[in-house]
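The values are calculated or read from the model by the stated rules, or taken from the named source; none is laboratory data. Because the structure is a prediction, the values reported are computed rather than measured. Because the Cβ atoms are built from the backbone with ideal geometry, glycine has one as well, and the counts that use them run over all protein chains shown. The protein model used for the area step is the full one, side chains on, heavy atoms only, and it has no ligands, DNA or RNA in it. Shrake-Rupley method; radii C 1.70, N 1.55, O 1.52, S 1.80 Å.
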Amino acid sequence: MQSTMMRTPLNVSHLLERCRLYFPTREIVSRLPDKSITRTTYAALYDRARRLAAALTRAGVTPGTPVGTLMWNSTWHMEAYFGIPVAGGVLHTLNLRLSPEDIAFIIADAGDRIVLVDDVLLPLWEKVRPLVTVDRVIVVPTSGAAVPDGYEDYEAFIAEDAGDFRYPDLDENAPAGMCYTSGTVGRPKGVVHSHRAIVLHALSVALPDCLDLSVHDSVFIVTPMFHVNAWGIPFAGAMVGCSLSLPGPHMGVEDLLDIMQAEQTTLALGVPTIWMAIQQALDREPDRWRLRRGMRMMVGGSAAAPTLIGALEDHGLAIKHGWGMTELTPVGTLSWLKPEHIDLPPAQQYEIRARQGLPIPLMELRIMGEDGPQPWDGTSVGELQVRGPIVTRGYHNQPDDAEKLTADGWFRTGDVATIDGEGYMRIADRTKDLVKSGGEWISSVDLENAIMGHPAVAEAAVIAVKHPRWDERPLAVVVTRPGEAVTGEDLRGFIAPRFAKWQLPDDFAFIEALPRTSTGKFQKTKLREMFHDWVSKTPG
Ligand code: ADP
C-alpha cells in the first residue's frame, strides 16, 4: 500500500493564496504613527507581499536567508510576515524594546544581511547600525515622511509588479521564521519555526475550543509582532480570513480601547499587564467605551489571576488564558471549560479558566519529577516537558542542547507545573523562580495570584530572599492601586485561608511600579537585584 495521500508540503504560501482567493475584501486595519487609521484588504496584502517576495529574490534572498524586521504591528509588518517566507527567506522579527547592544547581538547571531526598519524606529536603528554589518537597510515610510538619504525606500523596493514570481519549492520543514527568546532568564537564543509548524499551529489554535477563530471575527493583535509571531495569529488569521486590527506604535490603554470600540473587536490578544491596565481603565470609566459584548481576550506570557478573569467578566469580556513559549510556535495550552463545568458557580469557573489549561491538539505534556513521570493529581509538581511537531528541537547556532531535550525526545520547558485528573495543567513557577523554603517549594505564581485578588492591589510579584535558617523565604513586592492603602499584615491575613502557614510571606515591600521585561512580564531578575540585601522578617 504505497499509495496513500499526496505529499503536498504545508507552507505559508498556501495561507497567502487562500486569503486572496476566498477573503480578498476582508480588512486589515492599522494605526499610523500620527494616530490616523489606514485600512487595506487581504487582496492588497497578497499583491504587496508578493512584490516584496519578488524584490527580496532579486536582492539575493534564497531559501534559508534570514531577513530582519524592526517594526511595529502594522500592515507593512503583515507584508513582511508573508513576503519573506514565501520567497524562501526566514522572517526574523527583532524585539524593538531590547537595548541596541542586544539587538545587534541578535542580528549578528542570526546572520541578517537585509533588515526592514520602520522609519519611526530609525533613532533606535541608528544606535544599532554601528554595531552590526548588514548589506541593505530598507526603510518603511510609515509616518508618510520621505525616507532619509542613505536609506532605501521600502515603497521603491517593492514598486515593481511581482509579475511571474513563483514560490520556490520548499520542503515543509524549511525554516520560515525565527525569533529570539526574550531573555527573561539568560542570553536570548534563536528559535527557528518551520513552515510546517506554522501551518499546523494555525490550524490548531483556530479550533473552537482553542481560540474559536473564524471569518466572522474582528481580531485585534495587541501582542507585538516581534514577540513569537504575535502568537501565530497573523498566519491563523489569513487562514480563516478574519479581519485584523493592528495598533502601530500606539500601545496606550485608551488608544487600544478606542480601536476595540471602533472595530467592534471580537478577539484581542495580549499579555496580562495590558489586560490589567484595561480593567483599571474600564473600572474608572465604565461607560466610556461600547465594546462588543463577550469579546474574547487571549492572555498569555505570564499567569492570569482568577480575579482578573472575574473582573473583566463583569465588564462583559471573556479572558482566554494560554501558556506558551518561543520554543513552541508558540501556544502550548489554552484553558477552556468542559461541559461538566458549565453549571459550576462563576468563581469555580474562573479558577478553571485561570489554569494554563489543556494542550492544543498536536501537543503532548508530561510532568517529570526526580523519580520519573508524576501522577496527574493536581498536586504533584514536576518539570513540565512537551513534545510535538510545533516544538523546537534545538536553538540556532547552538550545539545540540542536551540540557533541553531529554533522552527520550521531550523538550524541557524550565517551568514547574501540576496536571490534574482532568488534564488541566497549572504552572507553579519557572524553575528559577520557585522559592525553596526549608527544603519545600513555594509557588510564587500562587502567592501572586492570591495577593492580586485583594482590591487594593494593582500588581504583585513574589521573589525568593535569603534566609539563614530556611534557605529562602518569599518576599512579596506589591504595587497598590492609586489612592488605596494596605499593609503587609492585611495582605497576609487576606491570603492566609488559602495557604499553609509556612508558605505565607512575612516579607512585603511596597513600590511604585514593578520593573517589566521587553515583552511586558514582571522582571524578576531586576527585582532580585533591587531586593538583594533584604533581610527576611521570618524568625530564624
Ligand atoms: P522568556 O522565557 O524569555 O520570557 P517566552 O516569551 O518564550 O520568553 O516565555 C515563555 C515562558 O513564559 C514560559 O516558559 C513560562 O515560564 C512563561 N509563561 C508563558 N505563559 C504563561 C502563563 N500563561 N502562565 C504562567 N507563565 C507563563
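Structure notes:
- Carbon/sulfur fraction of accessible area - the chain, other protein chains in place, 1.4 Å, %: 52
- Over the stretch 183-283, accessible surface divided per residue gives 24 Å², non-protein components excluded, 1.4 Å probe.
- Antiparallel %, DSSP beta bridges [both residues in the chain], to 5: 55
- At a probe radius of 1.4 angstrom, the accessible area of the stretch 434-530 per residue rounds to 45 square angstrom.
- The alpha-carbon positions of the stretch 361-431 define a convex hull whose volume is 94 Å³ per residue.
- Calculated from the alpha-carbon coordinates, the stretch 42-170 shows an Rg and a Dmax of 13.8, 41 Å respectively.
- Inter-part distance where the stretch 294-335 and the stretch 123-197 are each reduced to a Cα centre, Å: 29
- Helix axis angle, 253-262 relative to the chain longest principal axis, alpha carbon, degrees: 60
- Set LYS127/LYS189; LYS320/LYS524; LYS501/LYS526; LYS466/LYS526; LYS436/LYS537 screened for pairs whose C-alpha atoms are more than 20 Å apart: LYS127/LYS189; LYS320/LYS524; LYS501/LYS526
- The spacing between the stretch 451-501 and the stretch 40-67, judged by their C-alpha centroids, is 51 Å.
- Counting every alpha-carbon pair across the chain, the share separated by more than 35 Å comes to 36%.
- Accessible area in square angstrom per residue, the stretch 361-431, 1.4 angstrom probe: 51
- Placed amide H near LEU269: partners under 5 Å, 5+ positions off or other chain: PHE220, VAL222, THR223, MET298
- Packing, as the average of other Cβ atoms within 10 Å across residues, places the peptides 425-432, 198-205 in the order 198-205, 425-432, highest first.
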